[in-house]
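Novice: Quick one: structure below, then a few questions.
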Amino acid sequence: MNFKSDIEAVDALSEAYKELSKEVSKVIVGQEEVIKASIISLFSNGHSLLVGVPGLAKTLLINTLANVLDLSFKRIQFTPDLMPSDITGTEILGEDRHFHFNKGPLFANIVLADEINRTPPKTQAALLEAMQERHITVSGQRHDLPYPFFVLATQNPIEQEGTYPLPEAQLDRFMFNILLNYPTYEQELNVVKQTTVDRDIVLNPVLNSTQILAFQKVVRKIPVSDNVLEYAVLLASRTRPGTDKATKEVSNYVSWGAGPRASQNLVLGAKCHAAINGKYSPDIEDIRAIAILVLRHRIVLNYKAEADGLNIDKLVSTLL
């Protein structure tokens with residue numbers, strides 16, 4: 001895509017977001033903030049973790065998003081017996097008596113990692129390495145993943161029996177941690193009305209891979225003022241106990257704070273948040289709008305926080 005100016009590029013990004021949201025909303029009732037966060041992470045070239053109890057349409061949302069994008073899509077249902085080669089691929093002996101690499105489901109533009117905490121750490125690590133490096137290595141041979149490459153993982157927060165929680169260092173590879181809440185009464189009424197009748201919904205593809213890659217470059221090119229950069233870095237710094245920037249609450253209740261990757265994602269997310277709202281440069285309000293998505297999975301609370309009934313969302317709200 002060729003844009004005549006940076007302003008035209010941002011305007012095009014804003015329109016693309018509106019079209020995407022409109023198409024996804026044909027299937028998904030409510031969850032506007034979840035849809036917005038998923039699209040922001042896509043345009044920011046990041047990955048997202050969706051956390052919610054069963055039945056909140058996590059998988060349906062990702063399937064719908066894949067249908068309105070003209071991209072290849074694969075779903076991986078994580079289970080305790082899943083091996084790294086099951087997702088990355090493996091070499092097989094062909095009829096010509098030579099080994100050939102048989103690509104696994106990771107070789108797609110959009111990958112749904114369903115119930116990522118149900119598979120052992122070695123398989124989780126294989127996925128997360130691919131997310132970070134954008135390639136895999138099998139038998140000493142490097143295999144590049146397609147671009148764009150976007151992983152949306154789901155996780156059930158209430159069922160911990162027989163699961164393998166992601167370590168904090170691996171959670172840090174996700175740009176956003178998106179929490180899905182129960183729908184309102186009116187929203188649930190609409191869900192039941194729409195899903196208990198026979199109806200056909202036609203979803204129109206909105207963007208292809210070339211357009212998405214172009215918009216990812218647009219987000220990177222959006223200028224950011226120094227005061228916004230400083231605010232993002234200060235916000236991440238204030239989550240780190242034992243430092244001069246830490247607040248009293250952080251020093252009392254936090255074991256580990258957010259690292260530099262949080263500052264980077266705060267700025268990238270704010271750029272995209274500004275663009276989809278028709279602004280040509282982010283301000284501090286854009287940082288605040290996506291702060292909880294970036295920081296939620298990067299802060300580790302101590303036992304005092306649990307004893308006093310403090311959760312991460314409440315803590316971040318005090319920092320804002």
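The values are calculated or read from the model by the stated rules, or taken from the named source; none is laboratory data. A quick note: this is a predicted structure, and the numbers were derived from the prediction, not measured. Positions of Cβ are backbone-derived with ideal geometry, glycine not excepted, and every protein chain shown enters the neighbour counts.
Novice: What about residue 148, is it loosely packed, with under 13 Cβ neighbours inside 10 Å, assigned to a loop (DSSP other than H, G, I, E, B), of a type outside the set (Val, Ile, Thr) and in contact (Cβ under 8 Å) with a residue 40 or more places away in the chain?
Specialist: So residue 148 does not fit the description; no.
Novice: What is the residue count in the range 123-142 for residues that are within 20 Å of residue 75 (Cβ to Cβ) and in contact with a His (Cβ under 6 Å, 6 or more places away or on another chain)?
Specialist: 2
Novice: Restricting to the range 290-313, give me the number of residues that are out of contact with any helix residue (DSSP H, G or I) (no Cβ under 9 Å at 6 or more places or on another chain) and either of a type in the set (A, V, I, L, M) or under 18 Å from residue 236 (Cα atoms) (or both).
Specialist: So the count comes out to 1.
Listed here are the residues, each with its yes/no results for (1) under 25 Å from residue 14 (Cβ atoms); (2) among the small types (Gly, Ala, Ser); (3) in a helix (DSSP H, G or I); (4) not assigned by TED's automatic domain parsing to the domain that holds residue 147.
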{"position": "182", "(1), (2), (3), (4)": "no, no, no, no"}
{"position": "192", "(1), (2), (3), (4)": "no, no, yes, no"}
{"position": "202", "(1), (2), (3), (4)": "yes, no, no, no"}
{"position": "233", "(1), (2), (3), (4)": "no, no, yes, yes"}
{"position": "240", "(1), (2), (3), (4)": "no, no, no, yes"}
{"position": "251", "(1), (2), (3), (4)": "no, yes, yes, yes"}
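Novice: Another question, then. Tell me yes or no: at least one residue of the range 10-22 is touching a Ser or Thr at 6+ places or on another chain (Cβ under 9 Å), among the hydroxyl-bearing types (Ser, Thr, Tyr) and either in contact (Cβ under 8 Å) with a residue 12 or more places away in the chain or not in a loop (DSSP other than H, G, I, E, B) (or both).
Specialist: There is no residue in the range 10-22 that is touching a Ser or Thr at 6+ places or on another chain (Cβ under 9 Å), among the hydroxyl-bearing types (Ser, Thr, Tyr) and either in contact (Cβ under 8 Å) with a residue 12 or more places away in the chain or not in a loop (DSSP other than H, G, I, E, B) (or both).
Novice: Looking at the range 81-113 only, could you name the residues that are in a strand (DSSP E or B) and within 15 Å of residue 136 (Cβ to Cβ)? I'd like the intermediate steps shown before the answer.
Specialist: Here is the first cut: in the range 81-113, the residues in a strand (DSSP E or B) are 89-93, 99-103, 110-113.
Within the range 81-113, 89, 90, 91, 101, 102, 103, 111, 113 qualify.
Novice: On to the next question. Can you run down the residue pairs with Cβ atoms below 6 Å, 6 or more apart or on separate chains, where the first is in the range 132-144 and closer than 14 Å to residue 85 by Cα and in the same structural domain as residue 111 (by TED's automatic domain parsing) and the partner is modelled with pLDDT under 80 and part of a strand (DSSP E or B)?
Specialist: From the range 132-144, the pairs are 139/91.
Novice: Based on this model, can you work out whether residue 258 counts as crowded, with 24+ Cβ neighbours inside 10 Å and either at pLDDT 90 or above or among the β-branched types (Val, Ile, Thr) (or both)?
Specialist: Judged against the criteria, residue 258 is not a match.
Novice: Filter the range 267-320 for residues that are assigned to a loop (DSSP other than H, G, I, E, B) and of a type in the set (A, V, I, L, M); which is nearest to residue 7 (Cα to Cα)? So that I can check it myself, show each step before the final result.
Specialist: Filtering the range 267-320 for residues assigned to a loop (DSSP other than H, G, I, E, B) gives 277-283, 296-299, 302, 308-311, 320.
So of that shortlist, the ones also of a type in the set (A, V, I, L, M) come out as 299, 310, 320.
Working: 299: 36, 310: 43, 320: 30 Å.
My answer is 320.
Novice: Continuing with the same structure: Scan the range 262-276 and tell me whether some residue there is exposed (fewer than 15 other Cβ atoms within 10 Å of the Cβ) and not β-branched (Val, Ile, Thr).
Specialist: Among the residues of the range 262-276, not one is exposed (fewer than 15 other Cβ atoms within 10 Å of the Cβ) and not β-branched (Val, Ile, Thr), which makes the answer no.
Novice: Which of the residues spanning the range 38-66 are more than 17 Å from the chain's Cα centre (by Cα) and modelled with pLDDT of 85 or more?
Specialist: Result: no residue meets the conditions.
Novice: Quick test of your reading of the structure: residue 123 fulfils all but one of (1) crowded, with 16+ Cβ neighbours inside 10 Å; (2) under 17 Å from the mean Cα position of the chain (by Cα); (3) modelled with pLDDT of 85 or more. Name the failing condition by number.
Specialist: (2)
Novice: Among what's in the range 253-266 and is over 23 Å from residue 42 (Cα atoms), of a type outside the set (A, V, I, L, M, F, W, C) and not in a helix (DSSP H, G or I), pick the residue that is nearest to the chain's Cα centre (by Cα).
Specialist: Filtering first and then ranking leaves 257.
Novice: Go through the range 21-37 and report how many residues are modelled with pLDDT under 90 and in contact with a strand residue (DSSP E or B) (Cβ under 7 Å, 6 or more places away or on another chain).
Specialist: Of the residues in the range 21-37, 1 are modelled with pLDDT under 90 and in contact with a strand residue (DSSP E or B) (Cβ under 7 Å, 6 or more places away or on another chain).
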